[in-house]
1. Could you tell me which residue of the range 15-29 is surrounded by the most Cβ atoms within 10 Å (Cβ to Cβ), considering only residues that are touching a residue at least 12 places away in the same chain (Cβ under 8 Å) and not hydrophobic (A, V, I, L, M, F, W, C)?
2. Please enumerate the residues belonging to the range 85-121 that are among the charged types (D, E, K, R) and surrounded by fewer than 17 Cβ atoms within 10 Å (Cβ to Cβ).
3. For the range 120-152, which positions are touching a residue at least 12 places away in the same chain (Cβ under 8 Å) and over 17 Å from the mean Cα position of the chain (by Cα)?
4. How many of the residues in the range 30-66 are crowded, with 18+ Cβ neighbours inside 10 Å and at pLDDT below 95?
5. Which residues, taken from the range 140-158, are part of a helix (DSSP H, G or I), charged (D, E, K, R) and either in contact with a Ser or Thr (Cβ under 7 Å, 6 or more places away or on another chain) or under 18 Å from Trp28 (Cβ atoms) (or both)?
6. Looking at (1) acidic (Asp, Glu); (2) buried (at least 20 other Cβ atoms within 10 Å of the Cβ); (3) over 12 Å from Pro19 (Cβ atoms), which one does Asp125 not meet, given that it meets all the others?
7. So how many residues does the range 104-134 have that are more than 19 Å from Trp28 (Cβ to Cβ) and out of contact with any Gly (no Cβ under 7 Å at 6 or more places or on another chain)?
Amino acid sequence: MDAIHGIDVEPLRGWLAEPHAFCGGAQWLTVLRERVVPLLPSGKQAAALDIVARVEALPAGEQALNHGDLAGANVLWREGRVAGVLDWDLAAWCDPADDVASLALWHGWDVLPQLADAATAQRADVIRQTYPLQIVGFTVVRGRPADELSRAVDRAAERLP
């Protein structure tokens, strides 16, 4: 994580995506609150709103280069260490907790102490709770087909408390 987050972004700024570009960009929390939550079953809406409120209440983290999609096959492993990172189209200048949350979600929360300090790990834990909502946000923002939206809403509802 330090290798990614330590890159000098000045020469890259014009090429970086907006943080959370896939689900609303700068307005991602508004998208979640106003466009995603109403799609959820009524019994899940309060939990979803609570998650959004917790993200909004997070203290600002330092800004650094973030990959933006450290999911599954985008991280190549060799002998228990990251050997490569693919698919940089969502790279953005934002809180490293976003990358930490993604990496830990896909590759195990037991790696969290190796990835970040305690404050970043705490922010990552809150951010990761938005992932089911972010998938719905993606389908809404991108105008995906109704059946895909319905599946995303169902999956999000299953994952919410």
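1. Only one residue tops the list, namely His20.
2. Within the range 85-121, Asp87, Asp89, Asp110, Asp117 qualify.
3. Result: Leu149, single match.
4. 4
5. Glu148
6. (2)
7. Matching residues across the range 104-134 total 16.
Quick grid of which residues meet (1) at pLDDT 95 or above; (2) farther than 15 Å from Asp2 by Cβ:
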{"site": "Gly72", "(1), (2)": "no, yes"}
{"site": "Val100", "(1), (2)": "no, no"}
{"site": "Trp106", "(1), (2)": "no, yes"}
{"site": "Ile135", "(1), (2)": "yes, yes"}
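The values are calculated or read from the model by the stated rules, or taken from the named source; none is laboratory data. Since this is a predicted model, take the numbers as computed values, not measurements. All Cβ positions, glycine included, derive from the backbone under ideal geometry; neighbour counts span all protein chains shown.
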